[in-house]
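Visitor: Let me give you the structure first, and then I'll get to my questions.
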Amino acid sequence: MSETLYKVLDFSRPIGRQSFREVISELDGHSPSHKKSALSEGQLKTLIAAIFTYGLHYDEVPKEQRELLLKAILEDKQPLFDLSQTFGRHLMNNLGNSAKLQMEALKNIEYDFKRPLSNEPLVDFVEMELLDQTTSYRKWEYGRFSVVYMAAHLSKHVGWESMEKTVKEKKLLPEGYLKSLGKELENARYGLDAHEQLLLHLIVKAKLWPKKTTMADYLLAGSITQQHILGLSLRSEKLANALVNAIERTPTINRRRGGPKL
């Protein structure tokens, strides 16, 4: 069986951070209908990132809630949607030459920012050049990006530096510690869903023992994030508090393996 080779994403290139609301604010001075026949590169990438995020997550939302999902993305109402938008921007930085030319041509099409999904050539481009690879051979990269992003998002609550110091000083074994942490996260006191427990477990593993984290772990993290990003965002503070408390209750002493007990 032949193998298809591809380049792993390069995340070192700078990306824009212009929000959809900022683009609308710019257009308000030009067209009351929010229609524009030519876009700047930054405006186009913001529109693409928003459509990409909607396309990545809309299958996981009931049909009657999809309009609200799009509105939440466009209005930056949920912090974790930035995770997928940022990943989409990195994808754009890593496009091949043919796709780059296609994206360049898209700058000169008239767009209706009031109805972003009505821009068919752009939606087709997002599906073929960004979504297809994210949901197939780059799914693990999306998962790896997700756990890194989530760890940073949780850092205002979780003392990662202190944890890393503890792991190093006490030479904690990942198998034992992660098993104990997993059991603690299952405790009813936290009220976590099974996918939330698993994702927090994977985030801790990837943060403290990155060399022990496998592609299968990242694939699983990517699936959870794709399917549950809205709920994760709505409950992000609850997840942070639960993880902090679970870490505090998880023993940081390696269990003895055989031999006499003291």
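The values are calculated or read from the model by the stated rules, or taken from the named source; none is laboratory data. Everything numeric in this text was worked out from a predicted model, so none of it was measured. With ideal geometry, Cβ positions are generated from the backbone for all residues, glycine too; neighbour counts draw on all protein chains shown. When the accessible area is computed, the model is the full protein with side chains, heavy atoms only, and any ligands, DNA or RNA have been set aside. Shrake-Rupley method; radii C 1.70, N 1.55, O 1.52, S 1.80 Å.
Visitor: Any chance segment 15-33 includes a residue that's under 17 Å from the mean Cα position of the chain (by Cα), open to solvent by 60 Å² or more (accessible area, probe 1.4 Å) and either at pLDDT below 90 or over 25 Å from SER223 (Cβ atoms) (or both)?
Guide: yes
Visitor: Scan segment 212-219 and tell me whether some residue there is open to solvent by 80 Å² or more (accessible area, probe 1.4 Å) and modelled with pLDDT of 95 or more.
Guide: For segment 212-219, residues open to solvent by 80 Å² or more (accessible area, probe 1.4 Å) and modelled with pLDDT of 95 or more: present.
Visitor: When residues of segment 57-90 are filtered for being within 23 Å of TRP140 (Cα to Cα) and small (Gly, Ala, Ser), how many remain?
Guide: 2
Visitor: Same structure again: Among the residues of segment 103-145, how many are without any contact (Cβ under 8 Å) to a residue 60 or more places away in the chain and closer than 22 Å to ILE224 by Cα?
Guide: Residues in segment 103-145 being without any contact (Cβ under 8 Å) to a residue 60 or more places away in the chain and closer than 22 Å to ILE224 by Cα: 3 in total.
Visitor: Still on this structure, please answer the following. Consider TYR177 carefully, then state whether it is assigned to a helix (DSSP H, G or I), crowded, with 16+ Cβ neighbours inside 10 Å and more than 19 Å from the chain's Cα centre (by Cα).
Guide: yes
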